[in-house]
Every structure is written in C-alpha cells, then in structure tokens.
1. Of all residues being in contact with a helix residue (DSSP H, G or I) (Cβ under 7 Å, 6 or more places away or on another chain), under 21 Å from residue 304 (Cβ atoms) and part of a loop (DSSP other than H, G, I, E, B) in the range 257-294, which is nearest to ligand 1 (Cβ to nearest atom)? Just the residue, please.
2. Out of 254, 191, I need the residue that is at pLDDT below 95, more than 22 Å from residue 131 (Cβ to Cβ), assigned to a loop (DSSP other than H, G, I, E, B) and out of contact with any strand residue (DSSP E or B) (no Cβ under 6 Å at 6 or more places or on another chain). Which one?
3. Taking the range 326-359 only, how many residues are within 16 Å of ligand 2 (Cβ to nearest atom), touching a residue at least 40 places away in the same chain (Cβ under 8 Å) and part of a loop (DSSP other than H, G, I, E, B)?
4. Of all residues being within 10 Å of ligand 1 (Cβ to nearest atom) and assigned to a strand (DSSP E or B) in the range 299-325, which is surrounded by the fewest Cβ atoms within 10 Å (Cβ to Cβ)? Just the residue, please.
5. Just a yes or no: is a residue in the range 201-208 more than 29 Å from the chain's Cα centre (by Cα) and either exposed (fewer than 12 other Cβ atoms within 10 Å of the Cβ) or more than 30 Å from residue 47 (Cα to Cα) (or both)?
6. Would you mind telling me which numbered condition in (1) within 15 Å of ligand 1 (Cβ to nearest atom); (2) part of a helix (DSSP H, G or I); (3) at negative phi residue 239 fails?
7. Please go through the range 248-265 and give me each residue that is within 34 Å of the chain's Cα centre (by Cα) and within 16 Å of residue 324 (Cα to Cα), ordered by number.
8. Quick check: is even one residue across the range 4-17 assigned to a helix (DSSP H, G or I), modelled with pLDDT of 95 or more and out of contact with any strand residue (DSSP E or B) (no Cβ under 7 Å at 6 or more places or on another chain)?
Ligand SMILES: Nc1nc2c(c(=O)[nH]1)N[C@H]1C(S)=C(S)[C@@H](COP(=O)(O)O)O[C@H]1N2
Ligand SMILES: [Mo]
C-alpha cells in the first residue's frame with residue numbers, strides 16, 4: 001500500500017471548522033493585541049533615554065501593565081494550541097487546480113500559506129521565549145528583550161495580515177450558529193463545538209488564576225504557576241540574592257560609602273550620614289518584568305536631594321552603579337522624570353527596618369511606576385549627568 005499524505009477534506013470533524021477557529025482565533029487575537037501593547041510599554045520603560053517622559057504616576061501602572069502582559073501571554077498558550085488543532089487539516093491543503101488565472105491563484109495561495117508559517121513561528125517563539133524568561137530560564141544565547149521586541153512586530157504584522165485576509169470568513173463564521181448536540185459533534189458521544197469552546201475557556205481561566213496571584217496578593221496561594229511564592233525578607237520576594245550577585249562582602253563592608261559624582265565634584269556619604277539627611281517614606285511596588293509584583297513601604301533620601309548636593313538640577317539624568325561586580329542590571333539610568341519625582345528614593349529602610357541584604361543593603365533605588373529590573377540594589381555610586 002502506498003503511503004499518501006492525507007488531504008484536507010479527509011478531516012471531517014465539525015470541530016475543525018471555521019465556526020470554532022474564528023471564535024478561538026478572536027480570543028487569541030485579543031490576547032496578542034493586549035500582550036503587544038503592554039509589551040511596548042515595558043520595552044519603552046526599559047529604554048535608556050525617553051524622548052517622551054515615561055509617566056511616574058500612577059505608581060502601580062507598570063505593575064498592572066506588566067502583570068497583564070505576562071497573564072495574557074500565558075493565557076495565549078492554551079488558545080494557540082486549540083487554534084492550531086482546529087486548523088491543522090489546512091496543512092494538507094492541496095494547491096489550487098489548474099484553470100483560468102492559475103498562476104495568480106497559485107501565487108496568492110503561496111503568499112497566504114507563507115504568512116501563516118511566519119505567524120505561527122513568531123507566535124510560538126514569543127510565547128516560548130516569554131514564558132522561559134518569566135521562569136528565569138535562559139536556554140537561549142540571544143539577548144531577550146531586543147529579540148522578543150523584534151519578533152513582537154513580526155507577529156503583530158503577520159496577525160494583522162491574517163485577520164485582514166480571513167475577515168470575510170470570520171464574519172461568516174460568527175454569523176453561523178455553533179449548532180447543538182450531534183449536529184456539531186460529528187456523532188453521538190463525540191465532543192461538540194460547544195464543549196471544545198467551553199473547555200478551552202476553562203483552560204484559559206485556570207492559567208489566569210494560577211498565574212495572576214503573583215501580582216494580586218489575595219490570589220497568591222492559588223498561584224501555583226507564579227514565578228515567585230511571594231516569600232522573602234520584609235514580606236517582599238527577592239529576585240536576585242546578594243550571594244547570587246556576589247556582593248555580600250562589598251555590601252556589608254564597614255568602609256562602604258555612597259559616592260555622588262557630578263563632573264569633578266564628588267560627595268561621599270556613609271550610611272550614618274545618609275540616615276542623618278531628610279528622610280521620606282513612600283509606599284511603592286517592586287514590579288518585575290517577569291510579572292510578579294509586591295508593594296513595600298520604603299524610607300530613605302530623595303534622589304533629587306542628593307543630586308542638588310553636587311549642584312545638579314532636579315531634572316538631571318542620573319547613572320546608578322551597583323556594587324555588584326558583573327551582570328546586566330548593575331548599571332541603570334534614572335531618567336529626568338524619575339529624578340525630579342519627589343517619590344524617587346535612595347531607600348535605606350523597608351517596612352521600618354534597615355533594608356535586608358537581599359533587598360539591596362546598604363541602599364537601593366526605588367522609584368514610582370518603574371520596572372523592577374531598574375530598581376537597582378546595593379548602590380555604590382550615583383553619577384549626575386550635567
Ligand atoms: N544590582 C542589582 N539590582 C537589581 C537586580 C540585580 O540583579 N542586581 N535585580 C532587579 C530585579 S530584576 C528586580 S525584579 C528587583 C527585585 O528587588 P527585590 O529582590 O528587592 O524584590 O531588583 C532589581 N535590582
Ligand atoms: Mo525583575
């Protein structure tokens with residue numbers, strides 16, 4: 001018996017139908033759209049220079065956008081799997097039959113199939129790399145943020161094209177009722193379209209509930225897929241410990257002092273001297289790009305007060321250098337909108353106690369509405385750009 005590839009019309013189940021594909025596809029499209037927009041926010045927030053100032057209010061803004069980014073990304077996983085399953089018979093679609101304008105029809109089909117290949121490839125890449133990143137698993141060599149950002153545009157471009165091509169079919173599919181019972185199930189005892197859609201909905205709900213708790217304290221206990229269990233000193237999870245960052249000796253050294261530099265002016269402040277300056281307390285969240293977030297009550301010195309000690313303007317840009325000897329997050333830039341905001345602190349305390357070593361002792365940056373990755377711990381030096 002010769003082995004032959006199946007053809008599309010051999011897949012007779014009514015579950016492989018535009019009625020299902022259009023519905024699951026529109027949920028998936030909505031997830032991708034929201035994920036894309038919140039991703040743009042996160043990407044912009046992490047740029048070194050901001051041509052348009054990043055808003056510093058509300059303080060929980062990034063907490064929400066990044067929480068939504070990670071949850072919609074996770075929710076897209078079951079949706080993408082179901083969507084691919086409903087349409088996979090199209091994989092065996094035969095090229096158009098010869099006839100009038102055959103060349104043109106063949107070319108159009110090829111372009112459409114190619115755009116689907118790009119869309120599927122990009123979507124799988126985005127979800128896989130995003131989930132790996134939020135689980136702090138870096139099996140890849142490339143730098144995550146620029147790659148995830150570039151492929152985001154590829155996915156969204158291919159998605160817009162796909163929706164435009166399929167719009168007439170989608171309209172028609174939504175106008176057709178799903179059908180009841182056997183009519184939509186391909187036989188007695190077989191799952192119906194409604195069952196497929198409702199179980200997909202349940203899968204999405206489970207994913208949302210088991211991940212969203214990393215940003216919503218009341219749901220923390222059910223969030224078994226959260227990237228942090230919510231524990232940590234001073235009631236705040238830790239991303240990288242002092243030991244992992246190899247800063248224990250430097251951060252606990254009695255000879256530590258903060259250097260504030262502007263041009264040829266340098267001011268050095270011991271922790272006692274910092275503590276003797278005017279102290280301010282702010283309730284501000286750590287909102288990690290991985291999607292988890294938690295609020296804390298921070299006490300310390302306003303960064304703009306330190307800037308003015310070396311004669312800098314309140315809207316200066318400040319380069320923050322950590323004591324950490326290596327790693328991508330040891331140098332960050334506080335853009336003018338954060339320096340001038342009175343809530344941006346060089347924090348010495350969390351919840352009324354000296355910062356735990358893992359939260360950045362002797363001092364750390366905490367600014368409103370800012371990605372956690374830029375809230376630099378174990379600060380050694382502030383360089384005020386004139
Ligand atoms: N020097 C330094 N600062 C850092 C990091 C780091 O690895 N090194 N991690 C950042 C990240 S990714 C986050 S989410 C927050 C976490 O702060 P926490 O551990 O106090 O909760 O610290 C940020 N500050
Ligand atoms: Mo983070």
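1. Of everything passing the filter in the range 257-294, 277 is nearest to ligand 1 (Cβ to nearest atom).
2. Numbers: 254 fails: at pLDDT below 95.
The match here is 191.
3. Count: 3.
4. Within the range 299-325, the match that is surrounded by the fewest Cβ atoms within 10 Å (Cβ to Cβ) is 321.
5. Residues of the range 201-208 that are more than 29 Å from the chain's Cα centre (by Cα), as a first pass: none.
No, there is no match, as no residue in the range 201-208 is more than 29 Å from the chain's Cα centre (by Cα) and either exposed (fewer than 12 other Cβ atoms within 10 Å of the Cβ) or more than 30 Å from residue 47 (Cα to Cα) (or both).
6. (2)
7. 248, 249, 250, 251, 252, 258, 259
8. Filtering the range 4-17 down to residues assigned to a helix (DSSP H, G or I) leaves 8-10.
If we keep only those that are modelled with pLDDT of 95 or more too, we end up with none.
Scanning the range 4-17 turns up no residue that is assigned to a helix (DSSP H, G or I), modelled with pLDDT of 95 or more and out of contact with any strand residue (DSSP E or B) (no Cβ under 7 Å at 6 or more places or on another chain).
The values are calculated or read from the model by the stated rules, or taken from the named source; none is laboratory data. Because the structure is predicted, anything quoted here is derived from the model rather than measured. Counting neighbours? That spans all protein chains shown, and the Cβs are built from the backbone with ideal geometry, glycine included.
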